[in-house]
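Below is one structure; the comments refer to it alone.
The values are calculated or read from the model by the stated rules, or taken from the named source; none is laboratory data. Predicted, not measured: the structure shown is a model, and the values here were computed from it. Positions of Cβ are backbone-derived with ideal geometry, glycine not excepted, and every protein chain shown enters the neighbour counts.
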Amino acid sequence: MNAALIDTPLGKFRAQFTERGLARLQFPKTAADPIDDSIEPPKNWLRQATAALKTMLAGHAPKTLPPLDLSTGTAFQQQTWRALLRIPAGRTRGYGELARAVRRPKAARAIGGACGANPIPVLIPCHRVIGASGSLTGFSGGMHWKVKLLEIERVKLPLH
């Protein structure tokens, strides 16, 4: 498995790249989940991923992201992940609101599924998606990470 460890103040994140770009980002202290076609990343991609992750974890929006390989997702998941990239730092959106943004107003549950399948959490900010009542809902990295990431972005908690 080709994986790069990105050392941050919150631990070492595991990044995996393919020929197309960053394909997976895993939280510290999680079991490795290798991808078949991972490569040793070009140095500039790794630098971009490291800078973007550290910028996010400092509570700011990165100016640039490395190339992202979203090819593991369905067309709907990829559309959702791109929509997540448009949620500004420090802001949240409801699942229904995001469903309307991707022109699938009845797909709030599917949005939740796409968020759960997000292969590049933090950089693709699924932690900014909340329940309709303002409740914090599930998060693939665990609820403690969702709360931590929202706190870093200075989102006032609790939301409901």
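The table below lists the values:
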read-out: Selection count, region 26-58, where residues are without any contact (Cβ under 8 Å) to a residue 60 or more places away in the chain and of a type in the set (Phe, Trp, Tyr); value: 1
read-out: Neighbours by Cβ (under 6 Å, 6+ apart or cross-chain): first from region 95-119, surrounded by fewer than 16 Cβ atoms within 10 Å (Cβ to Cβ); second part of a helix (DSSP H, G or I); value: Pro105/Ala99; Ala117/Gln77
read-out: Some residue of region 61-73 being farther than 26 Å from Pro9 by Cα, in contact (Cβ under 8 Å) with a residue 40 or more places away in the chain and assigned to a helix (DSSP H, G or I); value: no
read-out: Residue in region 140-158 that is touching a helix residue (DSSP H, G or I) at 6+ places or on another chain (Cβ under 8 Å) and basic (Lys, Arg) present; value: yes
read-out: Verdict on Gly138 being within 18 Å of Phe13 (Cβ to Cβ) and not assigned by TED's automatic domain parsing to the domain that holds Leu46; value: no
read-out: Hits in region 57-92 - residues which are in contact with a strand residue (DSSP E or B) (Cβ under 6 Å, 6 or more places away or on another chain), more than 23 Å from Phe17 (Cα to Cα) and either of a type in the set (D, E, K, R) or outside the structural domain of Arg128 (by TED's automatic domain parsing) (or both); value: none
read-out: Gly21 vs. criteria crowded, with 16+ Cβ neighbours inside 10 Å, at positive phi and not acidic (Asp, Glu); value: yes
read-out: Number of the condition not met by Gly96 [criteria: (1) closer than 24 Å to Ala3 by Cα; (2) touching a Pro at 6+ places or on another chain (Cβ under 9 Å); (3) part of a helix (DSSP H, G or I)]; value: (1)
